[in-house]
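Quick note: the coordinates plus some simple rules give every number you see, no bench work behind them. Bear in mind the structure is a predicted one, so any value in this text is a computation, not a measurement. Counting neighbours? That spans all protein chains shown, and the Cβs are built from the backbone with ideal geometry, glycine included.
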Amino acid sequence: MRIAIASDHAALELKASLADWLRVIGHEVDDLGPHDDSRVDYPDYGYKLAQAVGSGSAERGVALCGSGIGISIAVNRHSSCRCARVDDPLSASLAREHNDANVIALGARLIGIDMAKACVTAFLDTDFSGGRHGPRVEKLTHPIFSKEPA
């Protein structure tokens, strides 16, 4: 699978470790940066990752910042991206199964490398279940704000 990965400076070390590990287990990885520990703004890298996933040049994405919150908000600005901030394998697999998430976000200050690998594994190994979740995901892709909730 082709995976895009990006972070801010707070998650540089976790990004490098995950990118290396993903390559070792057989994935193609686009490391979108940053590539040194200079201070950077997470939206810039979130947007870069969202463009890669949204354009189809990457099948999935892994977004990282200190908390995982800011970069997930940035990624979700792209209409083709559904980014879920996760902390454990169950939330990562449910993000795929129920929400067809194509990007996950992790907080480098909140999660260790082993848990991050477990989350990424669950995210990559889980398929979207469709069914009753399909129309809900469609509403995320094409929101209609003028309708009353069903």
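Identify, from the list ASP30, ASP20, the residue that is buried (at least 16 other Cβ atoms within 10 Å of the Cβ) and of a type outside the set (Lys, Arg).
Exactly one of ASP30, ASP20 is buried (at least 16 other Cβ atoms within 10 Å of the Cβ) and of a type outside the set (Lys, Arg), namely ASP30.
Pairs needed: first member in segment 112-139, over 21 Å from SER67 (Cα atoms); second member anywhere, part of a loop (DSSP other than H, G, I, E, B) and of a type in the set (Lys, Arg); C-beta distance under 8 Å; at least 6 residues apart or different chains.
These pairs meet every condition: VAL137/ARG82.
Can you find, within segment 108-145, the residue that is surrounded by the most Cβ atoms within 10 Å (Cβ to Cβ) among those that are assigned to a loop (DSSP other than H, G, I, E, B) and charged (D, E, K, R)?
Per the stated criteria, the residue is ARG109.
Which of (1) in contact with a strand residue (DSSP E or B) (Cβ under 8 Å, 6 or more places away or on another chain); (2) aromatic (Phe, Trp, Tyr); (3) farther than 18 Å from LEU14 by Cβ is the odd one out, the single condition TYR42 does not satisfy?
(3)
Select, from ARG109, ARG23, ARG39, the only residue that is in contact (Cβ under 8 Å) with a residue 60 or more places away in the chain and over 22 Å from LYS139 (Cα atoms). Break it down into steps so the answer makes sense when it comes.
Working: ARG23 fails: in contact (Cβ under 8 Å) with a residue 60 or more places away in the chain; ARG39 fails: in contact (Cβ under 8 Å) with a residue 60 or more places away in the chain.
Criteria check complete, one pass: ARG109.
So which residues in segment 68-107 are surrounded by fewer than 19 Cβ atoms within 10 Å (Cβ to Cβ) and of a type in the set (S, T, N, Q), if there are any at all?
Within segment 68-107, SER79, SER80, SER91, ASN99 meet the criteria.
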